[in-house]
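In what follows, a single structure is set out as structure tokens and then discussed.
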Amino acid sequence: MAQAAAPTVRGLTSVRTVLHLIDLPGPGGAETIYVAVAAGLDRSRFRSVAAAPDRGWTFDALRAAGLDPIVTPIKRGPLDWRYLRQIVGLVRRERVDLVHAHLLGPSVYAGMAGLLTGVPIVATFHGHVDVSAGERLLRLKTAILNRACSRITFVSEALRVEFLRRTALRAQRTAVVVNGIDDPADAVPEPHLRGVLGAQPGQFLVGAVGHIRPPKAYDVFLRAAALLLERSPSYRFVIVGQVERKDVYDDLVGLRDSLGLRDRVLFAGRRDDVPQVLRAFDAYVVSSTSEGFSLSTVQAMRAGIPVVATRCGGPETILEDGTTGILVACSDPHALADGVDRLRRDPALRARLANAARAAADGRYTAAAMVAGYERVYDETLGTAR
Amino acid sequence: MTLEWHAPDRAGDGAPGPRKIRVLYVDYSVGFGGATQSISLVFRGLEGVEKFVLTSQEPRIIPLWYPGATVYRFRTVVNYRSLGRVKAWARRVVRLGLAQVIVQKMVAALDILAGSYELLRILRIVRRHRIDLIHLNNGFTPPEAMLAARVAGIPCIVHLRGFPGWRKAAHSSSYRRVARTIAISNAVATSLGFTSIAPTRITTIYNAVDLDRFEEVAGRRDSERIKWGIGPDDVAMGIFGRVVAWKGQLEFVRAALEAMRTEPHLKAVIVGDESDAARDYFDEIKRTIADSGFAHRFVLTGYQPDVTALYHAMDVVVHASIEPEPFGRVVPEGMAARHAVIASDSGGPREVITPGVDGLLVPPRDVGAMAEAMVALARDPERRRAMGEQGYAKAVERFGIRHIAQEVERVYGEILG
């Protein structure tokens, strides 16, 4: 499914060309959204030119979606002239009408390209960890974004508020477009998966999904697991996610063993069948101290699995405490354990939360809703409302 | 139950046709507001809709603004005003904290009673006229109208005409009862991103402009210019709207002064009434003009009941709001008068203008950039003319009454299936 070539006569068609930029090779939350947006735009109105920093998950996913990804390597550290030149060249060659950049690095480079070429820029931030306190030249980068971006979007209101608090970004250009995700068509539960994930029939399997890194606070998850096993021996736990920080992983394994949980908590590693895996859980837990959104929460909601999540930025945007899920304070293993145990003891509560959550997920957090949100931001910038 | 005004829309020959959709418009607005004015224009363009209105407007406004509609009035709006007076009296006379709490509780109880009463009235209107859908014309108010739609089992549309001021009610259950939100700009639509309203259930429909009226009055351009002392060689740049800080008349004045240094034929016109609340702001503007040495290049028209002819008298229309404007009707109105438009690059105007084609966009509050835009257009009559023509073509294509009414009818069709 080849994309249409760059229009040679401007103004002849009303199809606008959007250049998508990201600097993460994938897999991950931001990359998933990136691909969904680039591939999901209304083809009768937008033509996507999508970039990936190298050949990896993002590149393959774009390819699989019918786009012809362009490799745009980006170097960390001081100004990467080659990357900037590449973007400017793409803007000119592909007659780009709007650049949609994701995460801080590409957004700043896109901003510079926008100041040079006049092309409008939309920047999207996915998580708190994007802007670390020691970020070099943060004030200069913020100034570029303020000057060059037509819109700066965030994947949750909490993230937007956090950025406005910690940086000099101007509020007027900011907006919220929440993430959305659809399940693949073949996401049906597979009975044998529970055994693979360490749970026998009759046991209560509690799971978490996400890369092994500090903001996920899996240590809190482990401590809550220890508390829960004191209340009932039927609990089993699994953490699904690839190891991004080996030191963090080693510490977690050490903590698990020192708490005596070796046979009760499984590190399942990276899995590519997350929607099926979620359906094997009895409860889904987000223990993070920092999330821009939490796609896995939406996936769990859609899978009909009740969710207990910390108020770490994203989940409180998605869940309504007591209606579509249970929200607890961050870094509090007791609160987390209490929330999970309420679910185990009360099947009616589980069913009520799960049904309301599924309806909310299907109504609000679909890929179509998210893409419509971004298309509207494009329309706002380009003045292309019908 | 007494009707306020009955002017039903009937085809003269009584010919049968497709059944008209019966819509109850709930217009919870007071005074000369954009909401009533906008829906009034839409009424003139609707073809497949039988219109019923429940309004809080004054009786004398009703025949003017709701042509062809059967109109009812809210009964309890008056109560709010007298309740307000009672509350103020109570605060003055009754100083004891407990008594104040009692008065507040009584007011709250009356509020609930009033709301219940209006809810029942709406349900009776819906039943009597077999209403198909309720169209809330002024945001998510009043709550009894949304509740009535739910109780009656008919869909409800909310016409959102401003940015949500609240950040707390993201999950509000009242949103779930709304079948579609009409936003008056993509900027307003995007501002709902933090709520539980999915972008797919929001439709952007711009406000209409009365192009016929603008055409009618076009011939008065020359006489208006003479009336306000604008010479044939002057380039008149006008800003329209109530004179308040957020509309940016002060920034407009400063930019005009900067531009006048090199463009002595520039005339800056401020069309609009001061309000009592913004008296200091108006004084500062007058002082800035008086101290400038260019006072003779400024025209302050004060309140004008009909500004359409003044639009024609201009050469450029300027929008200078320093806060994002949800729509900014000044911009398409300027286009309807065939003028180039300079506007703040935010909110509604940013979507309406195609910079370089039918207008120029400048960063809000940037006096230097606005001056630069004014100079560029003051020096180039051909560019002004070309932009004016492009703007007029856009106004005809996208902001005409019939076009906008068709978009509204399309939403009705989608909702009712």
- Distance between modelled label sites at B:Q37 and B:S173, nm, 7 Å Cα→Cβ extension: 3.9
- Query: Sorted from largest down, what three extents in whole angstroms do the Cα atoms of the stretch B:95-195 have along their principal axes?
  - Reply: 49, 37, 19
- Query: Say R0 is 56 Å: what FRET efficiency, to the nearest 0.05, do A:R92 and B:R128 get from their beta-carbon distance?
  - Reply: 0.30
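Considering all alpha-carbon pairs of the protein assembly as shown, what whole percent are spaced by more than 49 angstrom?
Details: 87193 of 322003 pairs.
Beyond 49 Å sits 27 percent of the P(r) for the protein assembly as shown.
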- Which residue fluctuates the most in chain B, going by a Gaussian network model with Cα springs under 10 Å, if the choices are B:S40, B:S292, B:S185? B:S292
- Mind checking the dipole of chain A: about its Cα centre, +1 per Lys or Arg Cβ, -1 per Asp or Glu Cβ, Debye to the nearest 20? 1060
- Can you give the average number of partner chain beta-carbon atoms within 10 Å of each beta-carbon in peptide B:181-192, as a whole number? 4
- Note on the structure: Neighbour-count ranking for A:S287, A:S150, B:S174 (other C-beta within 10 angstrom, fewest to most) reads B:S174, A:S150, A:S287
- Task: Return, ordered by residue number, the residues of the stretch B:365-409 whose backbone nitrogen is under 17 Å from a label point located 7 Å along Cα→Cβ of B:K20.
- Result: B:402, B:405-406, B:408-409
- Item | Two-site label geometry, B:A295 and B:D111: point separation in nm, points 7 Å out along Cα→Cβ | 5.0
- Message: As a test of the formula, what do you get for the protein assembly as shown when each DSSP H run with n ≥ 4 contributes -39,500 (n - 2.57) and the sum is divided by the residue count, at 222 nm and rounded to the nearest 500 deg cm²/dmol?
- Response: -13500 deg cm²/dmol
- Any idea how far the Cα center of the stretch A:153-215 sits from the one of the stretch A:330-349, in Å? 19
- Message: Restricting to bridges with both residues inside chain B, how much of the DSSP beta-bridge set is antiparallel, in percent to the nearest 5?
- Response: 5
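I need B:W246, A:W81 ordered by Cβ neighbour count within 10 Å, fewest first. Please list the in-between numbers first.
Numbers: B:W246 16, A:W81 9.
Fewest-to-most ranking of B:W246, A:W81: A:W81, B:W246.
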- Protection proxy ranking, peptides B:324-330, A:332-338, average beta carbon neighbours within 10 Å, highest first: B:324-330, A:332-338
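Highest mean first, how do A:137-144, A:278-285 rank when packing is the count of other Cβ atoms within 10 Å averaged over residues? Could the numbers behind the result be given before it?
Details: A:137-144: 15.4, A:278-285: 24.4.
Per-residue mean Cβ counts within 10 Å order the peptides as A:278-285, A:137-144.
Give me Rg over Rh for chain A, both radii from the alpha carbons and Rh done the Kirkwood way, two decimal places.
0.99
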- Quick one: which residues, 5 or more positions from B:L266 or on another chain, have an amide H under 5 Å from its amide H? H modelled 1.01 Å from N in the peptide plane, none for Pro or chain starts. B:V235
- Using a simple spin-label model with points 7 Å from Cα along the Cα→Cβ vector, what separation in nm is obtained for A:A359 and B:Y303? 5.1
- Length gained, A:V71-A:R231, 0.36 nm per residue minus C-alpha separation, equals 52.4 nm
- Scattering profile of chain B at q = 0.06, 0.11 Å⁻¹ [log10 I(q)/I(0), Debye over alpha-carbon scatterers]: -0.29, -0.92
- Distance from the Cα centre of the stretch B:305-356 to that of the stretch B:156-217, in angstrom? 21
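Given N residues in the stretch A:192-364, what is its alpha carbon radius of gyration divided by 2.2 N^0.38 Å? Numbers along the way, then the final one.
On the way: Rg = 14.4 Å, N = 173, 2.2 N^0.38 = 15.6 Å.
Rg over 2.2 N^0.38 Å, computed on Cα atoms: 0.93.
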- Note on the structure: For the stretch B:211-398, the Cα gyration tensor yields equivalent-ellipsoid semi-axes (√(5λ), largest first, whole Å) of 22, 18, 17
- Task: For the stretch B:158-261, take the alpha-carbon Rg, divide it by the Kirkwood Rh, and send me Rg/Rh.
- Result: 1.16
- Message: Order these by the 10 Å Cβ neighbour count, fewest first: B:L310, A:L205.
- Response: A:L205, B:L310
- If you plug each phi of the stretch A:268-277 into the Karplus form 6.51 cos²θ - 1.76 cosθ + 1.60 with θ = phi - 60°, what whole-Hz ³J(HN,Hα) values come out, in order, with x for Gly and Pro? 8, x, 6, 10, 9, 10, 4, x, 5, 4
- Work from the charge dipole of the protein assembly as shown (Cβ charges, +1 for Lys and Arg, -1 for Asp and Glu, about the Cα centre) and give the residue of B:A337, B:A183, B:G68 farthest towards its positive end. B:G68
- Vicinal HN-Hα couplings computed from phi for the stretch B:388-401 (Karplus, 6.51 cos²θ - 1.76 cosθ + 1.60; Hz; Gly/Pro x): x, 5, 4, x, 5, 4, 5, 4, 5, 6, 10, 10, x, 4
- Message: Considering only C-alpha atoms, what is the centroid distance from the stretch B:357-417 to the stretch B:255-276, in Å?
- Response: 22
- Pop the C-beta distance of A:H211 and A:R166 into the FRET formula with R0 = 25 Å and round what comes out to the nearest 0.05. 0.60
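Every number in this text was worked out from the coordinates using simple rules, so none of it is lab data. Predicted, not measured: the structure shown is a model, and the values here were computed from it. Neighbour counts are summed over all protein chains in view; Cβ atoms, including those assigned to glycine, are modelled from backbone coordinates with ideal geometry.
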